[in-house]
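Only one structure is covered here, and it is reproduced in the block below.
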């Protein structure tokens, strides 16, 4: 089968021919139809997450995906052959990811989440949802922004950001978001109430003008220490500043005036179920900035794909 894999941590991901994996006890075999990229993929390939979980080589990359169950191992009761499934395919040990024609995953992934795909969702849509969508929902939950409160989203045009704008708007939260002048209206269409044009003026100055009394929370999806430090003062006492891109330095994390965290996705099965409800209700939709064949995955992972609109998610068509 075709797969995007590495032989060891630090390798450059490449297209390889690998044997089709067979499911063991507690596992399901899935014919992958579509997958999507996330920062987790290169973090795993580089070895920076080697201390989290266990890994086998050759290691097929890919956390997020959607496909059809083609075989099940012993003791699997959650899914049946022929059922369409999607989620974050992070097993222990991780060896078979979603950037492949066939993947084997635990029916209850040790570090991920797997669920049935609602009939109305196409595979590319389902594949674009899991990691970024769950992360956005989780961060907003932990920030505890009240209905009618104000959330400032830094990096609103990317994977997590596009989901965060929609999820916050669905909760009745006033959303202020960063975007280029060319993409401002597209971010408004996602639910943003106000747009701060990136580069037009310092972000802290723009926030003081839009929210003179401060904002309830800031969500950073970019990961720039200087930016998060500059805007922290715009958060009201007791508010929250969270980063989904590890953009908070030690000084911010040690402060007590506001709640701060480099958020790590938690309660994944619960968050995948909530995300599914939002999507089937039409409240949230994934923004797919690029749709590529599987063999283009290495270029996508290296950041070599140009997108003219919202960056959103990059989806790989496997079959």
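Taken together, the values in this text are just the output of simple stated rules run on the coordinates, not laboratory data. Bear in mind that the values here come from a model prediction, so they are computed numbers and not experimental data. Reconstructed Cβ throughout: ideal geometry from the backbone, glycine too, with neighbour counts over all protein chains shown.
Quick look at the numbers
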item	result
Per-pair calculated FRET efficiency, R0 = 30 Å: residue 209 and residue 256 via Cβ, rounded to 0.05	0.65
Percent RCO, i.e. relative contact order, over the chain, from Cα pairs under 8 Å lying at least 6 residues apart	18 percent
By average C-beta atoms within 10 angstrom, highest first, the peptides 91-104, 240-253, 151-164	151-164, 91-104, 240-253
Sites residue 229 and residue 120 - FRET efficiency at Förster radius 51 Å, r taken between beta-carbons, to 0.05	0.70
Ranking of 237, 64, 216, 204 by count of other Cβ atoms within 10 Å, fewest first	237, 204, 216, 64
Mean-position separation - Cα centroids, segment 192-232 and segment 243-299, in angstrom	19 Å
Per-residue Cβ neighbour rank within 10 angstrom, fewest leading, 25, 229	25, 229
Share of pairwise Cα separations in segment 132-262, more than 26 Å, in percent	9 percent
Cα centroid of segment 108-152 to Cα centroid of segment 1-37, whole Å	24 Å
Relative packing of peptides 65-76, 135-146 - highest average C-beta neighbours within 10 Å first	135-146, 65-76
Computed label-point distance, nm, for sites residue 144 and residue 57 using a 7 Å Cα→Cβ extension	4.5 nm
Mean separation of Cα contacts under 8 Å, 6 or more apart, over the residue count of segment 132-262: relative contact order %	22 percent
Whole-Å semi-axes of the chain's equivalent ellipsoid (Cα gyration tensor)	35, 19, 18
Calculated FRET efficiency for the pair residue 17/residue 291, C-beta based, R₀ 25 Å, to 0.05	0.55
Extension gain (nm, one decimal) between residue 182 and residue 108, 0.36 nm per residue minus Cα-Cα	22.4 nm
